[in-house]
Each structure stands twice: as structure tokens, then as C-alpha cells.
Amino acid sequence: MAKVHVTTTINGEPAEFLCEPDKSMLDVLRNTLGLTGTKEGCGTGDCGACSITVDGRLVCACLMLAAEAEGHEIGTIEGMARGEALHPLQQKFLEMAALQCGICTPGVLIAAKSLLEKNPDPTETEVRFGLAGNLCRCTGYDKIVRAVLETAAEMRETAQ
Amino acid sequence: MTDIRYLAPRSLEEAVSAFAAAQGAARILAGGTDLLVQMRNGVVKPGLIVDIKKIAEMTEIAETPEGGFRIGAAISGATLAEHPRFGKAWPGVLEAINLIGSKQVQGRASPGGNLCNGSPAGDSVPAMIAAGAVVTVQGPNGRRQMPVEAVPAGPGRTHLAPGEIVVSFTLPPRPAGSGDAYLRMIPRTEMDIAVVGCGVSLTLQGGTVTAARVGLGAVAPTVLLVEDAARALIGSRLEEEALEAAAAACRAACRPINDKRGTIAYRIKVAGVLLKRTAAIAAQRAGGN
């Protein structure tokens with residue numbers, strides 16, 4: 001099978017890879033590029049564990065072909081912290097124990113960051129709808145929603 | 001392993017010629033939210049994937065000289081939601097498109113894909129039918145236009161000819177006093193497939209309905225244009241009798257299946273209820289315009 005050569009940007013860094021035409025972005029991130037922070041849950045776009053951003057837009061990596069990354073900017077969980085400095089959402093998730101097993105957490109964090117970029121002051125309902133595409137079997141969602149609301153409040157204060 | 005190729009042409013002519021040349025072995029990739037799942041399940045094994053998102057006409061939103069909109073078939077719901085004027089002119093069409101899947105799915109899923117996937121429960125389709133949207137289709141024999149309701153042929157099937165691609169949706173100009181709405185019945189609050197979906201578009205003058213269109217989803221093998229329901233509304237002031245007549249027309253149009261999401265009797269009843277609720281929202285919006 002003829003492989004596709006893809007030139008893209010991942011977490012702000014130029015990246016190149018070869019992939020089979022039918023491989024998903026998720027597959028290439030995890031198995032070709034070793035970026036295993038993006039998780040595979042359902043593989044059918046229902047669970048959100050593979051959430052990434054493409055040109056700043058939230059998508060499921062399992063529903064995108066790797067070949068489509070050509071010329072676009074991909075953002076993954078590996079790009080969320082600045083070195084050792086956690087993103088405020090990551091820090092708050094730790095402080096408020098907004099995770100248990102952790103498999104959904106990278107996807108939840110990427111989705112929550114995307115939500116707060118568009119809406120820095122969401123209501124609880126907006127957070128719940130905004131994260132409806134991220135399934136979590138452990139927390140019952142409440143701690144996640146509270147952590148996102150708390151982070152939003154802190155980020156608004158910091159921004160002032 | 002069969003050979004598979006990926007092509008992302010920049011022109012529609014190139015896309016159509018590659019798609020047609022593959023003689024049914026090719027699949028069009030817009031948002032991929034159906035195609036990638038079908039490929040993963042092994043339901044579809046394309047020899048060629050034609051990614052149409054690099055074709056400008058298929059991803060742009062244009063306002064027509066007549067005052068309508070032409071939206072590229074491959075545009076994502078999230079992109080459409082960010083347009084400053086589209087959602088004001090067609091709030092029902094936008095809310096229908098934005099009901100498809102999660103925020104993640106919204107980043108990719110397109111109205112063209114929703115239509116061509118051929119699901120009787122596709123959320124954008126009843127709203128597009130109610131809006132009177134017309135699709136522009138390009139194939140090996142050139143361009144043609146089809147009303148949206150003429151595209152679906154049955155679950156998973158369309159009336160597109162071999163090699164044809166849906167390029168764009170054209171929505172007509174909006175007269176003053178117009179409004180549209182889309183409601184679907186699902187047992188959850190989010191992220192589900194319609195048990196019944198209803199799109200209504202109305203134009204009112206001095207409280208009297210002068211134009212109406214009704215689209216009904218998930219109650220027949222294809223999404224339906226319910227002309228009898230529209231006739232019951234036109235000329236009325238949306239009195240209870242007119243609404244009940246339109247609801248009855250919706251119920252009469254239903255040819256639903258029994259499945260895990262709803263029984264035949266339930267779907268028929270809900271079709272009438274949704275017509276009334278959707279018409280009320282469309283009328284309220286029409287009053288604001």
C-alpha cells in the first residue's frame with residue numbers, strides 16, 4: 001500500500017510522518033509518533049477520549065484520517081502544559097480530584113480548554129453540554145464540572 | 001489487503017473525475033464522522049477516499065445576490081455556527097445541524113454528509129427541507145439542482161447518480177416575518193438519535209401564515225416533506241384547529257418502524273406533538289423578524 005507523506009504541525013512543532021491512507025490520526029499519534037496521551041476509547045466518535053484540536057477546533061482523532069493533517073495545526077494533551085508548568089485546568093483537576101482512572105482525562109482537558117477559550121464564563125449547564133461528548137465511567141462528572149467552573153473563575157481573575 | 005488511495009483535490013472537476021473513474025469503489029470524505037466509523041466496522045472498504053475539504057466552493061458560506069445563502073456541503077457545523085448572519089436568518093437550520101453529535105463531532109460533521117449518509121433520522125435534513133433548500137450536485141454529466149427532499153432514496157441510499165457529489169445547499173431569501181425551527185424527540189438531553197425530528201419554516205404577515213413548509217424525520221424510510229401539514233397552516237392564524245389539522249397531516253404521513261428507540265404508535269403520536277411545538281417556535285421567531 002502506497003504511504004502518504006504528511007507535513008503538519010503538532011503542538012507548535014513542525015512534524016512529518018508517513019502513513020497508510022486509511023490510518024486515523026489517533027493511530028498515527030499513538031503508534032507512529034509515540035504521543036500516547038491521546039487515548040482510544042470507543043474508536044467511533046462517541047466517547048471523546050481521543051479529543052484533539054485541529055487549527056484550534058475540537059475534534060475526535062479517531063474520526064479523522066492522518067492524511068488530513070497535511071498543512072494543519074494539531075494540538076494534543078502533550079502540548080497543554082508548558083514544560084513543568086501545568087495548565088490551570090490540569091492543576092485544578094489534580095487539586096479537586098476531578099479524575100479517577102484517568103483514561104478520559106486527556107480528552108476532557110482538551111475539550112474543557114476548548115470550551116473555556118470560546119466561553120470564559122460558562123454556566124454549569126454550558127459546561128455539562130460542552131463536555132457531553134466526553135464520557136467518564138468513574139467520576140459521575142460532578143467533580144469534573146466543578147473543577148472546570150473553578151478554573152474558569154480563577155482564569156477570569158488572573159486575566160483581570 | 002486491498003489497495004487504498006487518498007486524494008485531496010483542489011478542484012471539483014478533479015474530484016468528480018476521480019470519484020466517477022473509481023466506479024463505486026470510492027467514497028467521499030467530508031467530516032468523516034460516518035465514513036470512518038463505517039470503515040472501522042468493515043461495512044465500507046473504499047479503494048479511493050476523495051477528501052473534498054480543499055475545494056473552496058465546498059467549504060465556504062456565500063450570501064447570494066438575491067439575499068439567500070449558499071453553504072458548502074462539506075462545511076462543519078461549528079464553522080456554520082460562527083457565521084455572523086446565517087444563524088439569524090435560519091436559526092432552525094443551524095440548530096438542527098448543531099444537534100448532530102458532540103462538540104467534537106460538530107468540529108467535523110457537515111450538512112452534505114448528513115444528507116448523503118441517507119439516515120432517515122439525520123437531524124439537518126428535516127430543517128433543510130422545511131427551509132426549501134436546494135442542493136447543487138456535480139457529476140460526470142455536469143451540474144444540476146435538486147430539492148433536498150429529492151435526494152434521500154431510503155436508509156443509506158440517495159438518488160444521486162454514480163459519480164455525483166453534493167456541492168452546496170442554497171437557501172432562499174428570507175421575506176420579513178419569517179422564522180424556522182427544528183425540534184427532535186430524544187429520551188436524553190443531548191447526544192442521541194432522533195426518535196422523531198420536525199422542521200418548520202413559516203412566513204407570517206399581520207399574524208396570518210402566508211408560507212409554510214414542514215419536514216419530518218425518523219418516521220419513514222426517508223425524511224419527508226409534509227405538504228398537507230403546510231397547507232393546513234397557510235392562511236391560518238395558527239389557531240388550535242389549524243395546528244391540529246397540521247399535526248394530523250404529520251401523523252398521517254408517518255410510516256415508521258418499531259425499534260429500540262420508539263414504537264410505531266409512539267412515533268406517530270410524537271410527530272403531531274412536535275409539529276405544534278416546532279410551529280410555535282418558528283412563529284415566535286417570525287414575529288421577531
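The values are calculated or read from the model by the stated rules, or taken from the named source; none is laboratory data. Because the structure is predicted, anything quoted here is derived from the model rather than measured. Cβ coordinates were reconstructed from backbone atoms using ideal geometry, including for glycine residues, and neighbour counts include every protein chain displayed.
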Original post:
Which one is farthest from B:GLN138 (Cα to Cα) among residues in the stretch B:1-16 that are part of a loop (DSSP other than H, G, I, E, B) and at pLDDT 95 or above?
Top reply: B:ALA8
Subject >> Count of residues meeting criterion [more than 10 Å from chain B (Cβ to nearest Cβ), of a type in the set (Ser, Thr, Tyr) and either buried (at least 20 other Cβ atoms within 10 Å of the Cβ) or under 16 Å from the mean Cα position of the chain (by Cα) (or both)] in the stretch A:24-35 >> reply: 0
Original post:
Exactly one of (1) within 13 Å of chain B (Cβ to nearest Cβ); (2) within 24 Å of A:GLU13 (Cβ to Cβ); (3) in contact with a helix residue (DSSP H, G or I) (Cβ under 7 Å, 6 or more places away or on another chain) is unmet by A:LEU89. Its number?
Top reply: (1)
**OP:** Tally the residues that are crowded, with 24+ Cβ neighbours inside 10 Å, within 14 Å of another protein chain (Cβ to nearest Cβ) and not polar (S, T, N, Q), restricting the search to the stretch B:76-99.
**Re:** 1
Subject >> Residue list for the stretch A:73-119, filter: within 16 Å of A:GLY140 (Cβ to Cβ) and either in contact with a His (Cβ under 8 Å, 6 or more places away or on another chain) or surrounded by fewer than 15 Cβ atoms within 10 Å (Cβ to Cβ) (or both) >> reply: A:ALA97, A:GLN100, A:CYS101, A:GLY102
Original post:
Has the stretch A:24-32 got at least one residue that is assigned to a loop (DSSP other than H, G, I, E, B) and either in contact with a His (Cβ under 8 Å, 6 or more places away or on another chain) or not hydroxyl-bearing (Ser, Thr, Tyr) (or both)?
Top reply: no
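The rows are residues; the columns are (1) more than 22 Å from B:GLY215 (Cβ to Cβ); (2) in contact with a helix residue (DSSP H, G or I) (Cβ under 6 Å, 6 or more places away or on another chain); (3) not in a loop (DSSP other than H, G, I, E, B).
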| residue | (1), (2), (3) |
| --- | --- |
| B:LEU36 | yes, yes, yes |
| B:VAL44 | yes, yes, no |
| B:ILE49 | yes, no, yes |
| B:THR79 | yes, no, yes |
| B:HIS83 | no, no, no |
| B:LEU94 | no, yes, yes |
| B:GLN104 | yes, no, yes |
| B:ASN114 | no, yes, yes |
| B:PRO120 | no, no, no |
**OP:** Report yes if some residue within the stretch A:76-86 is more than 21 Å from B:ASP192 (Cα to Cα), of a type in the set (Ser, Thr, Tyr) and in contact with a helix residue (DSSP H, G or I) (Cβ under 8 Å, 6 or more places away or on another chain); otherwise report no.
**Re:** yes
**OP:** Please go through the stretch A:98-120 and pick out each residue that is more than 24 Å from A:ASP55 (Cβ to Cβ) and either touching a helix residue (DSSP H, G or I) at 6+ places or on another chain (Cβ under 6 Å) or not assigned by TED's automatic domain parsing to the domain that holds A:LYS143 (or both).
**Re:** A:ALA98, A:LEU99
Subject >> Residue identified as charged (D, E, K, R), surrounded by fewer than 19 Cβ atoms within 10 Å (Cβ to Cβ) and in contact (Cβ under 8 Å) with a residue 12 or more places away in the chain among B:ARG184, B:ARG157 >> reply: B:ARG157
Subject >> Yes/no for B:GLY32 being within 11 Å of another protein chain (Cβ to nearest Cβ), small (Gly, Ala, Ser) and in contact with a Leu (Cβ under 9 Å, 6 or more places away or on another chain) >> reply: yes
**OP:** Pull up the stretch A:1-23, narrow it to residues that are more than 14 Å from chain B (Cβ to nearest Cβ) and outside any strand (DSSP E or B), then point me to the one that is surrounded by the most Cβ atoms within 10 Å (Cβ to Cβ).
**Re:** A:ASN11
**OP:** Return the total of residues in the stretch A:36-61 being surrounded by fewer than 24 Cβ atoms within 10 Å (Cβ to Cβ) and either over 12 Å from A:PRO106 (Cα atoms) or at the interface with chain B (Cβ under 10 Å from one of its Cβ atoms) (or both).
**Re:** 9
Subject >> Index of the failed condition, B:GLU241 passing every other in (1) more than 16 Å from the chain's Cα centre (by Cα); (2) surrounded by fewer than 17 Cβ atoms within 10 Å (Cβ to Cβ); (3) charged (D, E, K, R); (4) within 20 Å of B:GLY113 (Cα to Cα) >> reply: (4)
Original post:
Somewhere in the stretch B:33-55, is a residue closer than 23 Å to B:GLY156 by Cβ, surrounded by fewer than 16 Cβ atoms within 10 Å (Cβ to Cβ), charged (D, E, K, R) and in contact (Cβ under 8 Å) with a residue 24 or more places away in the chain?
Top reply: yes
